[in-house]
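Let me begin by presenting the structure, written as structure tokens, before commenting on it.
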Amino acid sequence: MIVLNCLKNKCIGVLGFGQTGRAIVDSLISGGAKVFLHDDIGIKNADYMQYSANLSDENIVRSLDAIAISPGIHLFWPTPHATVSIARKYGIELIGDLDLFQRQNTEKIIAITGTNGKSTTTALIEHILKNSGKNSTIGGNFGSPILSLDNGHDFYVLELSSYQLEHANILGLDTSILLNITPDHLTRHGGMEGYISAKQKIFVNSKNSIIGVDDDHCIKIYHFLKDITQENIIPISGKLVPDNGIGWKNDYLIDNRFGTNEIVCEKHPNLDGNHNRQNIAASYAACILNGVQKSDFKKHLLSFSCLEHRQEFVANIDGIPYINDSKATNADSVEQALIRFDNIFWILGGRPKEGGIFSLQKYFHKIKHAFLIGEAAEDWYTLLKSHNVKAEITETLENAVNHAHAKAKNEKPNVVLLSPACASFDQFKSFEERGEKFKEFVRKLR
């Protein structure tokens, strides 16, 4: 745990008591701060009741030195949280967990954001650093909250969401990576411009900047950074070799930072497809900038296995492979799985996001049968049927697994794919829980 000695004896409000909020509270208490904790649904953990405070009370808020806010707290859209509005009225500082970490630590931060691929890239960078003898750890939006990480590492590899970046004020990160931008979280950010603004914030005062150039939004950001003469900006691609950048030609990763087109390595057998090639290019750039030798990168890349819940092979039952892609919470992420597989028995649905699955229509011919769950089920059933895709509403994930198995075992070759294109929060606490339940239901089929 990061002990926040820098705020000793300060009066700090904490708004939101999820996983990140709890890490904030623990770090503040350990550092000697006076904590005033508020969550809109109340503080139900008996160990923390003594810190409970009503941060909708203006008299309490105006007495605070700062308010630490969890990523889920709205600063702007669709409306600011009531406590945020009070804090602004009285000039009370609003700070996120990344700011708190940076106030206490001067170690190197390698930060990764993007709509898709950031967890794979974060995990891959940390895997290669650690196996190359670097003292590194991993956290943020991936795995453990930032402030629950241990002190004393030379490198902190952090996945950052658009929510965390929206809350960040300090920044000036050592190595900043933006992989890609496609529509996501638009309601939270007030539309596409707000979402892009949050993502590109990662480059504010960054010492080294790495940016994907495989989508139009990121290409514009790249040219903007070049126009303001930001140093040490490296374009990366999963489709081509950028000028003075890192990318792919045929099946080889190419380092063209100095115009030399050096071959780094061949493709990874389990991390293929343009999206994963982009992840590898970004990881290589970050590792090389932070002291990893090319030979070590090549060696340790091959020992990296795919992430849990990301096109994860679960089992082969009755000759049918079952794939857990629960982390695919939007259409752009699902597209990577639909490109990879054929003859798909597709389990999808949950709480829908902006854009739905309309962009996936060009892959509907690969779907042998769809099984729909959660809040999106009825609307998406209608869409799929209108494109002559066989589909049924199964409501629950367990029903979907059982129905898919019953149909798939009579129609081979095929694959049963959980790739929801939705958030999980209508039926599960997280995409991780959804993925674990899927694996549990699949194993029961044995």
Scan the range 91-109 and give yes if some residue there is open to solvent by less than 30 Å² (accessible area, probe 1.4 Å) and either over 20 Å from Ile202 (Cβ atoms) or of a type in the set (Ser, Thr, Tyr) (or both), otherwise no. yes
Check on Tyr163, outside any loop (DSSP other than H, G, I, E, B), touching a His at 6+ places or on another chain (Cβ under 9 Å) and aromatic (Phe, Trp, Tyr): yes
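Yes/no matrix, rows are residues, columns are (1) out of contact with any helix residue (DSSP H, G or I) (no Cβ under 8 Å at 6 or more places or on another chain); (2) among the aromatic types (Phe, Trp, Tyr); (3) on the phi < 0 side of the Ramachandran plot:
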site	(1), (2), (3)
Asn316	yes, no, yes
Ile323	no, no, yes
Ile347	no, no, yes
Gln361	yes, no, yes
Ile367	no, no, yes
Gly374	yes, no, no
Glu398	no, no, yes
Lys407	yes, no, yes
Here the qualifying pairs (Cβ atoms under 6 Å; residues six or more apart or on different chains; first in the range 315-333 and more than 10 Å from Val442 (Cβ to Cβ); second assigned to a loop (DSSP other than H, G, I, E, B) and of a type in the set (A, V, I, L, M, F, W, C)) come out as Ala331/Ile357; Ala331/Ala421
Check every one of the strands (runs of 3 or more DSSP E) wholly within the range 229-330 and list those with 3 or more residues that are open to solvent by less than 20 Å² (accessible area, probe 1.4 Å). 233-236, 246-249, 252-255, 320-324
From the set of residues in the range 52-85 that are assigned to a helix (DSSP H, G or I) and closer than 14 Å to Val14 by Cα, which is farthest from the chain's Cα centre (by Cα)? Ile60
All positions within the range 181-225 that are farther than 20 Å from Ile288 by Cβ, in contact (Cβ under 8 Å) with a residue 60 or more places away in the chain and of a type in the set (S, T, N, Q): Thr182, Thr187
Mind listing whichever residues of the range 18-49 are part of a loop (DSSP other than H, G, I, E, B), open to solvent by 40 Å² or more (accessible area, probe 1.4 Å) and under 20 Å from Gln164 (Cβ atoms)? Gly18, Asp40
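The values are calculated or read from the model by the stated rules, or taken from the named source; none is laboratory data. Given the structure is predicted, the values throughout are model-derived calculations rather than measurements. Using ideal geometry, Cβ is built from the backbone for each residue, glycine included, and neighbour counts are taken over all protein chains shown. Note: accessible area is taken over every heavy atom of the protein model, side chains too, but ligands, DNA and RNA are not part of it. Shrake-Rupley method; radii C 1.70, N 1.55, O 1.52, S 1.80 Å.
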